[in-house]
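For reference, the structure discussed in these notes is given below.
The values are calculated or read from the model by the stated rules, or taken from the named source; none is laboratory data. Nothing here was measured: the structure is a model prediction, and the numbers come from that model. All Cβ positions, glycine included, derive from the backbone under ideal geometry; neighbour counts span all protein chains shown.
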Amino acid sequence: MGDAADLRVSLAGQGSLVGVAATDASSDACLVNVANVTVTARVVPGVTVAALDPVLILRRGAVYYVIAVLPGAPTVTPTPAPAPDVTTDTGDSAPAPKPVTTTGTLTCHPVATATYRDGSWRSDGGSTNSFDTYQGRYAYSSFGRMTGCAFYGSKPATLSGATITKATVRLRRLSAGAYSGQRPTLRLVSQTTRPSGAPSLHESTTGPSLAVGDTDTFTLPDSWGQAMVDGTRGGLAIYVSSDDPYIRLAGRGSYSAAWTLTLYWRRTS
């Protein structure tokens, strides 16, 4: 045969045996013990045989061929090859959930309506905390100017974190001063409940024109409602720095819906 590979192919199917070399290979031959029988075997080119080597033999007819020296058992267990990474294609990632927007209204009845004059809260015409709310001074009166207030307690703050989109207040004018339409000046108040002293007045806006007997739901600036929700303001008032216009608006004792504040809100989560 031309080379070792051709020889191995030509011997395939002739039957294989395992033996032990009794001698080193010499002149391409060696003695091999096979099943306690010593035979002479040809050594395939390219195979080096030494005495006591375990060898693989093929037999063809009456001729034995050593085709390989068998390696010993491994002294260290081979490390298995790492499992291939398996990436599961799940397609495009899910889109982020859309924000959920909730809207609603909150109705806040005042916890007190009162009028401050000359260093104290009026109680001469009813309960101090259900008093009608006055602005200005009655003509020729020796008493000072008046500040009518409505306080809303803690209820607006229950909307903390919401955005106010609209705020309204319910007003009714009672007899006092000129009968024709008069515009009160509305103010924001710091306190959420009636203080022992004077109320702290802040921002102002002109209210609706109200003749005696008129009722109106007046829209306040959105920022006013937001300030009460955020806790920086707590009530509403009517006040002017002059005597006129002298106006009396109903308090809790005269009209159940007096100074009712309605907050329209939006919350996104």
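Quick one: would you say T185 is surrounded by 14 or more Cβ atoms within 10 Å (Cβ to Cβ), under 16 Å from A227 (Cβ atoms), hydroxyl-bearing (S, T, Y) and modelled with pLDDT of 95 or more? Step through it out loud before you land on a result.
Working: surrounded by 14 or more Cβ atoms within 10 Å (Cβ to Cβ): yes; under 16 Å from A227 (Cβ atoms): no; hydroxyl-bearing (S, T, Y): yes; modelled with pLDDT of 95 or more: yes.
Against the criterion (surrounded by 14 or more Cβ atoms within 10 Å (Cβ to Cβ), under 16 Å from A227 (Cβ atoms), hydroxyl-bearing (S, T, Y) and modelled with pLDDT of 95 or more), T185 does not qualify.
Given A176, A139, A94, which one is within 23 Å of R252 (Cα to Cα) and either of a type in the set (D, E) or assigned to a loop (DSSP other than H, G, I, E, B) (or both)? Give the derivation first.
Details: A139 fails: within 23 Å of R252 (Cα to Cα); A94 fails: within 23 Å of R252 (Cα to Cα).
Checking each option against the conditions leaves just A176.
Residue under question is R194, and the condition is that it be over 18 Å from Y246 (Cβ atoms), assigned by TED's automatic domain parsing to the domain that holds S254, assigned to a loop (DSSP other than H, G, I, E, B) and touching a Leu at 6+ places or on another chain (Cβ under 6 Å); does it hold? Steps first, answer last, please.
Details: over 18 Å from Y246 (Cβ atoms): yes; assigned by TED's automatic domain parsing to the domain that holds S254: yes; assigned to a loop (DSSP other than H, G, I, E, B): yes; touching a Leu at 6+ places or on another chain (Cβ under 6 Å): no.
So R194 does not fit the description; no.
Taking the stretch 148-164 on its own, how many of its residues are surrounded by fewer than 20 Cβ atoms within 10 Å (Cβ to Cβ), in contact (Cβ under 8 Å) with a residue 60 or more places away in the chain and among the β-branched types (V, I, T)?
Within the stretch 148-164, residues that are surrounded by fewer than 20 Cβ atoms within 10 Å (Cβ to Cβ), in contact (Cβ under 8 Å) with a residue 60 or more places away in the chain and among the β-branched types (V, I, T) number 1.
As an exercise: evaluate F131 against (1) more than 25 Å from P208 (Cβ to Cβ); (2) more than 46 Å from the chain's Cα centre (by Cα); (3) buried (at least 19 other Cβ atoms within 10 Å of the Cβ); (4) among the hydrophobic types (A, V, I, L, M, F, W, C) and give the number of the one condition it does not meet.
All conditions are met except number (1).
Restrict the check to the stretch 130-150 and report whether at least one residue is β-branched (V, I, T), out of contact with any strand residue (DSSP E or B) (no Cβ under 6 Å at 6 or more places or on another chain) and within 19 Å of G235 (Cβ to Cβ). Lay out the reasoning, then the answer.
Residues of the stretch 130-150 that are β-branched (V, I, T), as a first pass: 133, 147.
After this cut, where a residue has to be out of contact with any strand residue (DSSP E or B) (no Cβ under 6 Å at 6 or more places or on another chain) as well, the list is none.
Checked the stretch 130-150: no residue is β-branched (V, I, T), out of contact with any strand residue (DSSP E or B) (no Cβ under 6 Å at 6 or more places or on another chain) and within 19 Å of G235 (Cβ to Cβ).
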